[in-house]
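J.: The structure's right below; bear with me while I get my questions together.
No lab work stands behind these numbers, since they all come straight from the coordinates. Predicted model, so just to flag it, every value in this text is computed and none were measured. Using ideal geometry, Cβ is built from the backbone for each residue, glycine included, and neighbour counts are taken over all protein chains shown.
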Amino acid sequence: MEYRRLGRSGLKVSALSLGSWLTFGNQIEDKIAEELMDLAYDSGVNFFDNAEGYAGGKSEIVMGNILKKKNWDRSSYIVSSKIYFGAEEKKPNMIGLSKKHLFEGTDNALKRLQLDHLDLLFCHRADPETPIEETVWAMHQIIMQGKALYWGTSEWSAAEIMEAHYFAEKNHLIAPVMEQPQYSMLWRDKLERDFLTLFRNFGMGTTIWSPLASGMLSGKYLDADPTDTRFKMESLGWLRDRWLKEENLNKIRQLKMLADKLGTSLPKLAIAWCLKNPNVSTVILGASKTHQLKETLTSLDIVPLLSDELMQEIDRITGTKPEAVAV
Ligand code: NDP
């Protein structure tokens, strides 16, 4: 395993980490969740990603029970939660980034995870109904109380993150350290274009999500319609519609040929491609089966094979490389 600094912070995060969205407390049995965490931890993964909104709080309960059972040294792993979407109930003040919900949401996440502190705490989306001042103050206070060690944002715009930084700096408050954006061969703009100034000016780290575009980039939808997948989950029609398109399948067919030529699998190539970007601190892997994680956990081996020519070929096939911008 390789460990990378989370931006300019002193925290070392494994280049590959494990997330629980849609799987823990939902798509998979707790026994599989435990096997996935075991496999990840034994392979050197030190970061487990979670959120209050995952399975209405159940994902944190499942992960908390596993961490308790394993009794791993607390300093050997990093756990996150994210506040914004609320857990089970979504009444006013049970969602969003108000001081009230940030304080109470954090306390509830800690209870579900059975932890004294979160290592990373994210504001899961920007909240247009809460002044940025209130959110930055609240996150600062949560850190001063020792309930979280670092705070960050997820799917905020570059302008919103910059505003948080300027307010924090002006008032000598703790600023966000990391952002959690979507990033894959098929989804590049924020990380490769919008955030370049953030990396340069603030040294933000990134914990990127959906590196396989929800499984699309595994190639398993090419000539098949597998049943046991998240795209078959009833509530996830919107996700299937986002990704399962002829245009994407055409690109993936060509990417698969590249992977074959390289002597590797498409999931590994897709993850390695994310790892090659130096602004990626960690790639959060998702898996519903242990064999999937076994495969993707070996993706670091492929990074040295990604030549400039190959990267250009991937750009050509995907057509998703953003126009270069001056920063
Ligand atoms: P991916 O895009 O990598 O999708 C993971 C899914 O792809 C798996 O659950 C599995 O789904 C399928 N898959 C994985 N490996 C393979 C393989 N080798 N072969 C075939 N299929 C495979 O990542 P996620 O979308 O799960 O995101 C990763 C993590 O990022 C989440 O768990 C969460 O922690 C975080 N996240 C954060 C968000 C945010 O807003 N901050 C939003 C979304 C995720 P299946 O078997 O069902 O097809």
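J.: Determine the dipole magnitude for the chain: charges of +1 sit on the beta-carbon of Lys and Arg, -1 on that of Asp and Glu, nothing else is charged, the reference point is the Cα centre, and the result goes in debye to the nearest 20.
T.: That gives a dipole near 260 debye.
J.: Place a +1 charge on the Cβ of each Lys and Arg in the stretch 36-150 and a -1 charge on the Cβ of each Asp and Glu, then give the dipole magnitude about the Cα centre in debye, rounded to the nearest 20.
T.: The calculation lands at about 260 debye.
J.: Another question, then. Once you order the gyration tensor axes a ≥ b ≥ c over the Cα atoms, which shape class does the stretch 186-293 get: rounded for a/c under 1.5, otherwise prolate or oblate by comparing a/b with b/c?
T.: Prolate, because a/c is 1.5 or more and a/b exceeds b/c.
J.: Assign unit charges at the C-beta atoms only (+1 for Lys and Arg, -1 for Asp and Glu), then state the dipole size of the stretch 73-137 relative to its Cα centre in Debye, rounded to the nearest 20.
T.: So the magnitude is around 160 debye.
J.: Could you tell me which residue out of Ser76, Gln27, Thr106 lies farthest along the dipole of the chain toward its positive end? Charges go on the beta carbon: Lys and Arg +1, Asp and Glu -1, centred on the Cα centre.
T.: Ser76
J.: So what are the ³J(HN,Hα) numbers for the stretch 272-285, from phi and the Karplus equation (6.51, -1.76, 1.60; θ = phi - 60°), rounded to whole Hz, Gly and Pro as x?
T.: Result, ordered by residue: 4, 4, 5, 5, 5, 6, x, 7, 8, 7, 8, 9, 7, 8 Hz.
J.: Given only helices, namely DSSP H runs of n ≥ 4 each adding -39500 (n - 2.57), what is the per-residue ellipticity at 222 nm of the chain, to the nearest 500 deg cm²/dmol?
T.: So the helix-based figure for the chain works out to -12000 deg cm²/dmol.
J.: Whole percent per 10 Å bin, from 0 to the bin with the longest distance: what is P(r) over all C-alpha pairs of the chain?
T.: Binned Cα distances yield the sequence 6, 27, 35, 25, 8, 0.
J.: Sticking with this one: Of Lys190/Lys276; Lys147/Lys276; Lys90/Lys220, which pairs sit farther than 28 Å apart, going by alpha carbon to alpha carbon?
T.: Too far apart for the 28 Å limit: Lys147/Lys276; Lys90/Lys220.
J.: Which net charge results for the neighbourhood of Lys276, defined as the other residues with beta-carbon distances under 15 angstrom from its beta-carbon, given Lys and Arg at +1 and Asp and Glu at -1?
T.: My count for the surroundings of Lys276 gives -3.
J.: Whose amide H sits under 5 Å from the amide H of Gly205, counting only residues 5 or more places off or on another chain, with H placed in the peptide plane?
T.: Answer set, sorted by chain and number: Gly7, Arg8, Met178, Glu179.
J.: Starting from the Cα gyration tensor of the stretch 1-70, take the square roots of the eigenvalues, sort them a ≥ b ≥ c, and report rounded, prolate or oblate (rounded when a/c is under 1.5, otherwise prolate if a/b is larger than b/c, else oblate).
T.: prolate
J.: Is the shape of the stretch 85-234 best called rounded, prolate or oblate, per the rule: a/c under 1.5 gives rounded, else a/b larger than b/c gives prolate, else oblate, with a ≥ b ≥ c the square roots of the Cα gyration tensor eigenvalues?
T.: Oblate shape, in that a/c is at least 1.5 and b/c is the bigger or equal ratio.
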